[in-house]
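One structure is given here, and the rest of the page talks about it.
Just so you know, all these numbers are worked out from the coordinates, no wet-lab data involved. This structure is a prediction, so every number in the text was calculated from the model and none was measured. Neighbour counts run over all protein chains shown; Cβ positions are idealised from the backbone, glycine included.
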Amino acid sequence: MKTILITGGAGFIGSNLADSLLADGHQVVVVDNFNDYYDIRIKEQNVSAHLHNPRYKLYRADIEDQAALQKIFSAHRFDVVVHLAARAGVRPSLEQPLEYVKSNILGTVNILECMKTAGCTKLVVASSSSVYGNCAAEEFSENLKVTEPISPYAATKSATEQLCYTWHHLYGIKVVALRFFTVYGRRQRPDLAIHKFARLIDNGQPIEMYGTGETVRDYTYIDDILSGIKAAIDYEKTGYEIINLGGGEPISLKKMIATLEDALGKKAVIEPKPMQLGDVNKTVCDWRKAHELLGYTPQTTFKQGIDEFIKWYKKSY
């Protein structure tokens with residue numbers, strides 16, 4: 001049994017990870033600030049099942065508050081920190097870049113400093129495929145240069161990777177930085193495209209399709225992401241790694257909409273819109289390194305994942 005801290009543990013990925021780690025018998029401590037980026041009742045629901053579990057502890061705290069974090073680190077001896085907390089989303093980061101810098105960069109430094117002081121030496125940190133920018137490569141592999149982020153969000157995620165390397169180099173913290181490729185599934189945030197489009201299609205409302213519908217995303221189902229995170233928690237062979245976690249099945253925007261239509265049995269009303277600043281043209285995950293180091297192989301096809309998501313959506317809304 002490990003004692004594992006999950007920052008952002010009331011959110012989409014974090015709450016699913018907490019479920020899985022508790023089922024495996026671990027002690028789970030969650031830090032989340034329950035901000036109003038989306039309806040906080042969703043996060044309250046995400047954590048509700050575990051509030052009376054003796055192996056689960058929830059702290060309503062902000063990673064920007066180092067004093068609060070220090071108290072939490074003083075109260076527990078963590079074997080691993082899984083740092084998922086961040087301001088998320090490309091488009092909002094264009095409107096509030098300072099908030100993204102404070103949460104994603106300052107917040108990460110606060111976590112690293114608390115780990116250093118507490119002697120916690122293992123970190124799994126969430127990065128993003130957005131760091132690749134408008135990469136021209138056929139597949140996005142970890143050895144590509146990521147020096148041209150095209151949104152503040154992407155820039156903060158790239159900075160997170162570099163900061164984690166610095167603390168690894170200086171203080172011996174072992175780090176696995178996971179570049180997530182467009183995660184979807186049960187509990188997905190309501191502002192993300194698959195959830196948002198499903199709701200609009202289901203209600204007969206128009207959806208805004210940016211560009212021609214030919215932009216491509218490598219969507220990754222939540223259970224595949226969880227398998228990668230859990231493998232990273234156990235990984236010990238090297239001290240610092242950046243690893244892609246993707247679905248291996250790039251899907252165009254048009255195909256994503258069509259797959260949702262099929263699963264819902266309804267047609268979408270589409271409003272064409274111009275491409276948005278900060279949006280990338282494609283993400284295509286090369287997950288061979290994840291397979292080699294973590295034994296990771298995505299198991300869920302896009303159609304299977306959408307079918308599972310719609311089952312959850314219909315039960316939840």
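Here the contact order of the range 172-317, divided by its residue count and restricted to Cα pairs under 8 Å and six or more residues apart, works out to 36 percent.
Taking amide H positions as modeled 1.01 Å from N, with prolines and chain starts lacking one, the residues under 5 Å from Glu208 and 5 or more places away or on another chain are Glu271. Of the residues Ser252, Gln299, Ala10, the one whose Cα sits farthest toward the positive end of the charge dipole of the chain, with +1 on the Cβ of Lys and Arg and -1 on the Cβ of Asp and Glu, is Ala10. The slack in the chain from Ala136 to Gln205, taken as 0.36 nm per residue of separation less the alpha-carbon distance, amounts to 21.3 nm. Considering only beta bridges that DSSP places wholly inside the chain, some 5 percent are antiparallel. Our coupling estimate for the range 191-206, obtained by passing each phi through the Karplus curve with A = 6.51, B = -1.76, C = 1.60 and θ = phi - 60°, is 8, 7, 4, 4, 5, 4, 5, 4, 5, 5, 4, 4, 8, x, 9, x Hz, Gly and Pro reported as x. Each part gets one Cα centre, and for the range 226-304 versus the range 11-80 those centres are 25 Å apart. Backbone geometry of the range 99-109 corresponds, through the Karplus equation with coefficients 6.51, -1.76 and 1.60 at θ = phi - 60°, to 3J(HN,Hα) couplings of 4, 5, 5, 5, 6, 7, 9, 4, x, 5, 4 Hz, x marking Gly and Pro. As a rough footprinting exposure proxy, the listed residues Leu21, Leu293 were ranked by other beta carbons within 10 Å of their own, and the order from fewest upward is Leu293, Leu21. Go ahead and estimate [θ] at 222 nm for the chain from helices alone: -39,500 (n - 2.57) per DSSP H run with n ≥ 4, summed, over the residue count, rounded to 500. Computed ellipticity for the chain at 222 nm equals -12500 deg cm²/dmol.
Proximity of backbone amide H atoms, modeled 1.01 Å from N, is registered between Tyr59 and Val30, Val31, Asp32 at under 5 Å, excluding neighbours fewer than 5 places apart on the same chain. Which of the residue pairs Lys2/Lys102; Lys43/Lys237; Lys43/Lys71; Lys174/Lys289; Lys116/Lys196 have a Cα-Cα distance greater than 28 Å in the structure shown? With Cα atoms farther than 28 Å apart: Lys2/Lys102; Lys43/Lys237; Lys116/Lys196.
In sequence order, the range 157-170 has phi-based couplings of 6, 4, 5, 4, 4, 5, 4, 5, 4, 4, 5, 4, 5, 7 Hz under the Karplus curve 6.51 cos²θ - 1.76 cosθ + 1.60, θ = phi - 60°, and Gly or Pro positions carry x.
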